[in-house]
Amino acid sequence: MSQNRVLLCALSSALLFVGGLLFAARAGHALAAIPPADGKAEADQEVLKMNAECNDAELRGDVAAMDNCETPDFTHIHANGMVEHKAEYLKGVGSGAHKFLALDLSDVHVRSYGATAIIEEHMHLRADNSGRIADVNNLVMTVWTKEQGKWREAAWMAVGLPGSRSAALQSK
């Protein structure tokens with residue numbers, strides 16, 4: 001009986017050891033799936049860089065570059081509540097109906113979550129909208145998504161701050 005007990009203890013120990021190895025292997029795979037903190041910082045920097053490049057393209061009126069910055073289903077919500085989808089918005093920029101004169105950003109913050117990121121910023125914008133000058137201060141939120149290895153803008157929404165002068169109130 002003592003020999004059976006020794007075999008039983010050895011078998012139990014072996015099963016516990018193998019079970020522990022399997023658990024450790026699965027835990028290692030699960031931990032590997034969590035991006036390291038420096039990976040998040042890298043994603044944040046990539047999104048901030050793309051945001052700056054896309055804002056520069058908008059300021060230049062570079063519709064081709066803007067098209068490349070945005071997802072096919074991009075939505076642009078103006079501070080006055082007007083909603084434009086990608087084709088409409090790019091058409092307005094390309095035709096000169098939306099001509100940006102100045103675009104200054106401050107208090108820019110980014111939060112990334114894997115393949116999604118949100119940028120919040122304060123924007124001072126001067127624009128010529130079909131002969132009417134807008135001088136506005138907005139809070140802006142932009143949603144970014146990483147598609148095929150590239151960050152692209154999916155949605156942009158502005159909320160006007162007090163003291164902004166809309167295009168409807170000023171003429172050239």
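Observations on the model:
- Residue 79 vs. criteria surrounded by 14 or more Cβ atoms within 10 Å (Cβ to Cβ), assigned to a strand (DSSP E or B), small (Gly, Ala, Ser) and touching a strand residue (DSSP E or B) at 6+ places or on another chain (Cβ under 7 Å): no
- Residue within the range 104-118 that is more than 19 Å from residue 49 (Cα to Cα) and buried (at least 17 other Cβ atoms within 10 Å of the Cβ) present: no
- Residue in the range 97-108 that is on the phi > 0 side of the Ramachandran plot, under 18 Å from the mean Cα position of the chain (by Cα) and in a strand (DSSP E or B) present: yes
- Matching residues in the range 121-152 - criterion: being open to solvent by 60 Å² or more (accessible area, probe 1.4 Å) and touching a Leu at 6+ places or on another chain (Cβ under 9 Å): 126, 132, 139
- Test: residue in the range 90-97 that is under 30 Å from residue 40 (Cβ atoms), open to solvent by less than 80 Å² (accessible area, probe 1.4 Å) and modelled with pLDDT of 95 or more: no
The values are calculated or read from the model by the stated rules, or taken from the named source; none is laboratory data. Computed from a predicted model, the values in this text were never measured in an experiment. So basically every Cβ, Gly included, is an ideal-geometry build from the backbone, and we count neighbours across all protein chains shown. Just so you know, the surface numbers come from the protein's heavy atoms only, side chains and all, with ligands and any DNA or RNA stripped out. Shrake-Rupley method; radii C 1.70, N 1.55, O 1.52, S 1.80 Å.
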